[in-house]
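Worksheet: one structure, shown below.
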Amino acid sequence: MSKQQVEIFMPPNRLKAKVGGEGGLDLNAVKRAEAAIEELKGEFSDWITADVESLVSAHDIYKIDPNLENLGVLYRSAHDLKGQATTFEFPLVARVASSLCRMTDEDGEGKAAPAPLLRHSA
């Protein structure tokens, strides 16, 4: 049995040239983004009210007509709320919305959490 030779080829990393310069993170841009988020936190109470109303409405519609389309609307409402709460550092809201997302996410067979569990979640 003969031994085979293996050659390893490492392509050049051209990402740095495409990004431009030395790359890296612009800390000033990060600080400006953090400051903008701090300013928007005051408006979050209005946004969360609208997001919760949207979630309750989606839940009510799903209770009346539990189909995949309405389940998707319920999922997206919970997902939006989760994203907003995470961004503006409301961990309890984010955690509850995340749980609801997991319950309403289709598992590939179009099945969601049992209806009684969904009824008590929103």
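What follows is calculated from the coordinates using simple rules that are stated; it is not laboratory data. Keep in mind that this is a model prediction, so the values were computed, not measured. Here the Cβ is made from the backbone with ideal geometry for all residues, glycine too, and neighbour counts use every protein chain on show.
Under a plain spin-label model, where a point goes 7 Å from the Cα along Cα-to-Cβ, how far apart in nm are Gln5 and Arg95?
6.1
With r as the distance between the Cβ atoms of Asn13 and Glu38 and R0 = 41 Å, compute the FRET efficiency 1/(1 + (r/R0)^6) and round to 0.05.
0.65
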